[in-house]
Amino acid sequence: MKPIEDNIRSNFILGDCLSVLKEMDRESIDCVVTSPPYWGMRAYDNEESEFEIGNESTFAQYVDALMAVFVEVKRVLKKDGSLWLNLGDKYVDKRLIGMPWRVAIALMDRGWIMRNDVIWHQLKGTQSCKDRLRDSYEHIFHFVKSKKYYYDADAIRIQPSRMPIIAEGKTTSSTGVSGKKYRRLIRESSELTAQEKINAEKALDEVLAEIRAGLVNDFRMTIRGAQRTWHGNNTKISGRAKELVNRGYYIMRMSAKGHLPSDVWNIVTEDTWRTDTHCAVYPEELLRIPILATCKKNGIVLDPFSGTGTTVSAAIKLGRRGVGIELSPEYHRSAQQRIAQTANRHLQP
Ligand SMILES: C[S@@+](CC[C@H](N)C(=O)[O-])C[C@H]1O[C@@H](n2cnc3c(N)ncnc32)[C@H](O)[C@@H]1O
């Protein structure tokens, strides 16, 4: 079964994801982003269903049930595809059970390669007891099928806040570095030899030219003996320290392309869609990096536990197509309604 027809943006399938996935064509999905029901945490409206995941009597059974689903997820995922898995933890009899890691390790044991353990810092968190800290994060694991996988790092780079600026007719870096101070430090240095001074000034001119050409956004120069070096001069520790000893200077360049986001994401949990629901809805913002980085434009994003359709909605807004599988008829309807309402709105890439 084709997960989605070519000319369609979204497809919601009502049913048990294991059975539906088994019907889907192999290697037909670019990226999977999902948040399965947490073990024993939530009461969905399909509690009666024999297929509902999360109601198993032991956590080992819960992990097994998820593993059966992820065998099929792996089959339908393209060779260069990604799986992003969001899971929260739980206390049983005062013990934090480490459920996200139990599931993650079971996936690794089945051949999935973990690329990132992202901490979704939810900023608020609940304070339900007085003898331990407030819970404020969940995990989002990024898994791939093979070492070579699709990843568009440029699509998720954080752009420098300011581009190079022109002051008094001179181009400076984004933070206003013109090179004047460094040139003075080089010329006045008693630690650099005459040749080292020539080389250092040449390197400074080169980086300033890169800034004018827009290749570099910002830079810092460290000159032997002129500034305090924060990493010490241990050549074993730092290549930069080695450069400082050998050449008398080093230059740190900040790319004009911006830098990659870290593996801690500060995103509040609220979502505007269906706050009345008892289904643990995640915010669309959480989907931005997974989808932009690991699904090609117009590619297919799948959520086998789609709930209110957050993943599919974000996929469409980011110019991808989305497929959601959901067991609850109520959430299935709600997701369809959501897509009808948000069809033409777009998330900021
Ligand atoms: C944590 S919620 C997902 C919420 C979703 N990320 C959202 O933002 O709305 C998990 C969903 O999995 C569904 N579910 C549970 N067992 C399922 C199964 N066997 N097949 C498909 N969906 C299932 C539940 O009904 C619930 O809606």
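A few points about this structure:
- Cα-based reach from Lys202 at 20 Å (exclusive), listing aspartates and glutamates while leaving out same-chain residues under 8 positions away: Glu188, Glu191, Glu210, Asp218, Glu243
- Label zone at Phe51, where the point sits 7 Å out along the Cα-to-Cβ direction: the range 285-321 residues whose backbone N lies under 15 Å: 303-307
- Extending 7 Å from Cα along the Cβ direction at Asn7 and again at Lys297 yields two label points whose distance is 2.2 nm.
- Estimated FRET transfer efficiency (Ser178, Met114; beta-carbon r; R0 56 Å; 0.05): 0.80
- Percent breakdown of C-alpha pair distances by 5 Å bin, ordered from the shortest bin, for the range 1-122: 2, 9, 18, 23, 20, 16, 8, 3, 1, 0, 0
- Put in line by how crowded their Cβ is, counting other Cβ atoms within 10 Å and starting with the fewest, Met67, Met99 read Met67, Met99.
- Too-long pairs where the Cα-Cα distance tops 29 Å, listed order kept, from Lys181/Lys257; Lys22/Lys145; Lys124/Lys296; Lys2/Lys296; Lys94/Lys145; Lys22/Lys94: Lys124/Lys296; Lys94/Lys145; Lys22/Lys94
- Projected label points at Ala209 and Asp263, each 7 Å from Cα along the beta carbon direction, are separated by 3.9 nanometres.
- Each of Thr58, Thr308 has some number of other Cβ atoms within 10 Å of its Cβ, and from fewest to most they run Thr58, Thr308.
- Estimated FRET transfer efficiency when R0 is 22 angstrom, pair Arg247-Arg187 (beta carbons, to 0.05): 0.85
Where a number appears in this text, it was derived from the coordinates with a stated rule and is not lab data. As the structure is a prediction and not an experimental result, all values here were calculated from the model. Here Cβ is always computed from backbone atoms with ideal geometry, including for glycine, and neighbour counts include all displayed protein chains.
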